[in-house]
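Below is one structure, written out as structure tokens; comments come after it.
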Amino acid sequence: MKSVKTRQGLAIEPVEDRARGGGVVNRRIVLKRNPEGEPKPSDFEVVTEEVPPIAEGQMLLRTKWLTLDPYMRGLDASGPMNNERSVGSTIVGGTVSEVVESRARAWNEGDLVVGYYGWQEYSVGTPEDLQWGNEAMPIEKWDGSLGPPSTALGILGMTGYAAYAGLLNVATVKTGETVVVSAASGAVGQVVGQLAKIQGCRVVGIAGGPRKCAFCVDELGFDACIDYKAGDLSTALAAAVPDGIDVYFESVGGEVLEAVIPLLNPGCRVPVAGWVSQYNTPSNNAPWEQQQATPLQRLREVGLNELGYEGSTDGFRFFHFNELAARQPDASEALRTMSGWIKEGKLKYRESITHGLDSSVDAFIGMLRGENFGKTMVQIS
Ligand SMILES: NC(=O)c1ccc[n+]([C@@H]2O[C@H](COP(=O)([O-])OP(=O)(O)OC[C@H]3O[C@@H](n4cnc5c(N)ncnc54)[C@H](OP(=O)(O)O)[C@@H]3O)[C@@H](O)[C@H]2O)c1
């Protein structure tokens with residue numbers, strides 16, 4: 001079995017090769033060790049093995065699409081790649097797979113399955129499997145009338161739900177308000193900004209580099225976008241929000257949050273989706289008290305309320321996309337609404353696609369550096 005060369009020239013060594021019986025061969029990427037700081041290709045390895053014949057009630061699934069998301073690195077010490085229990089396991093992740101053989105009732109060859117089968121080419125599933133281990137989120141057949149299958153993992157999946165839930169349900173954004181969104185051209189940010197425009201808001205993005213900023217303004221219709229890498233973010237942001245900030249959709253933390261804090265208006269809402277600038281900091285694996293302050297700690301320090309706590313209607317709150325995705329019928333309605341807006345041309349999306357399982361490692365490392373431009377996806381087959 002050959003080793004796989006990544007773009008950085010390091011080899012991911014396959015450690016097992018048990019594919020000798022002539023059946024379907026699966027290749028999967030497992031975590032070799034918990035990364036220190038930025039993940040390296042040598043933190044991962046490829047395992048190749050034959051898939052056993054499926055039993056009654058099971059189906060053989062071929063992965064078509066794999067989504068790569070910042071949470072896979074881990075928001076804190078318990079996150080997937082920071083956790084010792086993940087070592088040796090297939091890396092988790094949302095997938096769209098095709099049923100290639102089925103012995104499960106009501107699941108047929110050719111069906112597309114939205115699941116959580118991780119970084120691998122094949123998997124054996126059952127209708128009882130869950131997405132995210134969440135009892136309220138069983139695997140689903142993809143309804144192709146909503147959009148292309150890749151969107152099930154992006155704008156019409158986890159990242160779309162995060163944008164919708166954070167902006168409309170947590171921040172309860174109102175017409176005429178000023179909304180600032182960080183990681184603005186990324187999977188969540190691009191949707192947040194467009195949803196805010198649909199609500200009649202003034203929208204200012206913050207993104208890394210002139211191409212991403214031009215995309216937000218020229219393609220997505222944001223009112224302005226600030227390149228935080230161009231220097232003096234605080235001055236540029238203040239000039240772009242003359243009436244202050246009513247809603248800050250937080251995805252980044254660190255310096256970007258520091259530039260936002262002085263501009264927050266009384267009554268502001270800050271839905272906190274994550275803090276990607278800090279996921280690779282070595283202290284992320286350290287005990288809690290040694291870690292860099294998260295946006296939740298910083299916003300508490302500067303005196304913001306916790307949204308919803310003792311009835312507060314302003315302030316900040318961490319939220320999870322599945323607050324909406326697991327709640328029916330609201331989830332179906334949000335999906336249908338966003339699918340409709342896409343068809344009407346009101347909502348656009350950009351994907352950052354690489355091809356083949358072996359591209360996953362570089363694409364994942366690159367996403368955490370900002371090398372992606374849009375929703376990071378891997379077309380596995
Ligand atoms: N709570 C939830 O349910 C939920 C669901 C989905 C995602 N999220 C969170 O939402 C955030 C965005 O996720 P996503 O999937 O949409 O990823 P993404 O924006 O598509 O990709 C990550 C982006 O982060 C930006 N970034 C990386 N390092 C940065 C730094 N030091 N400073 C500023 N920006 C930096 C880069 O954009 P630039 O090139 O513009 O810097 C990069 O493209 C993450 O924090 C993620 O954990 C939360």
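The values are calculated or read from the model by the stated rules, or taken from the named source; none is laboratory data. If you're wondering where the values come from, they're calculated on a predicted model, not measured in any experiment. Here Cβ is always computed from backbone atoms with ideal geometry, including for glycine, and neighbour counts include all displayed protein chains.
Before moving on, here are some points about what is shown:
- Residues considered: S312, S332, S359. Of these, the only one that is in the same structural domain as I139 (by TED's automatic domain parsing) and free of Cβ contacts under 8 Å to residues at least 24 places away in the same chain is S359.
- Residue among C268, C225, C213 that alone is touching a Cys at 6+ places or on another chain (Cβ under 6 Å) and not in a helix (DSSP H, G or I): C225
- When K212 is tested against (1) surrounded by fewer than 22 Cβ atoms within 10 Å (Cβ to Cβ); (2) farther than 27 Å from L324 by Cα, just one condition goes unmet, and that condition is (1).
- Residue count, the stretch 25-67 (criterion: among the polar types (S, T, N, Q) and surrounded by fewer than 18 Cβ atoms within 10 Å (Cβ to Cβ)): 2
- Some residue of the stretch 265-282 being away from the ligand (no atom under 14 Å from the Cβ), under 30 Å from P35 (Cα atoms), surrounded by fewer than 15 Cβ atoms within 10 Å (Cβ to Cβ) and modelled with pLDDT under 95: yes
- Considering the stretch 172-193, the residues that are closer than 25 Å to G315 by Cβ and out of contact with any strand residue (DSSP E or B) (no Cβ under 6 Å at 6 or more places or on another chain) include one that is surrounded by the most Cβ atoms within 10 Å (Cβ to Cβ), namely V188.
- With respect to being farther than 27 Å from L130 by Cα, of a type in the set (D, E), more than 15 Å from the ligand (Cβ to nearest atom) and not in a loop (DSSP other than H, G, I, E, B), E310 fits the description.
- Single residue of the stretch 181-210 satisfying the filter (part of a loop (DSSP other than H, G, I, E, B) and away from the ligand (no atom under 15 Å from the Cβ)) that is nearest to Y161 (Cα to Cα): Q199
- Condition check for T172: touching a residue at least 60 places away in the same chain (Cβ under 8 Å) and in contact with a Gly (Cβ under 7 Å, 6 or more places away or on another chain): no
- Long-range neighbours under 9 Å by Cβ, at least six apart or interchain, first residue of a type in the set (D, E, K, R) within the stretch 184-200, second modelled with pLDDT of 95 or more and more than 8 Å from the ligand (Cβ to nearest atom): K197/V179; K197/V203; K197/L220; K197/G221; K197/F222; K197/D223; K197/K346
- Selection count, the stretch 68-94, where residues are among the β-branched types (V, I, T), touching a residue at least 60 places away in the same chain (Cβ under 8 Å) and surrounded by fewer than 19 Cβ atoms within 10 Å (Cβ to Cβ): 1
- Qualifying residue in the stretch 41-50 (condition: at pLDDT 95 or above and on the phi > 0 side of the Ramachandran plot): no
- The set of residues in the stretch 54-68 being more than 17 Å from R28 (Cα to Cα) and in contact with a strand residue (DSSP E or B) (Cβ under 9 Å, 6 or more places away or on another chain) consists of I54, A55, Q58, M59.
- Any hit, the stretch 173-180, residues being within 14 Å of the ligand (Cβ to nearest atom) and either under 25 Å from G209 (Cα atoms) or outside the structural domain of L60 (by TED's automatic domain parsing) (or both): yes
- Any chance G144 is outside the structural domain of L60 (by TED's automatic domain parsing) and not charged (D, E, K, R): no
- Answer residue from the stretch 335-381, given it is of a type in the set (V, I, T) and under 22 Å from A325 (Cβ atoms) and is nearest to the ligand (Cβ to nearest atom) among those: T376
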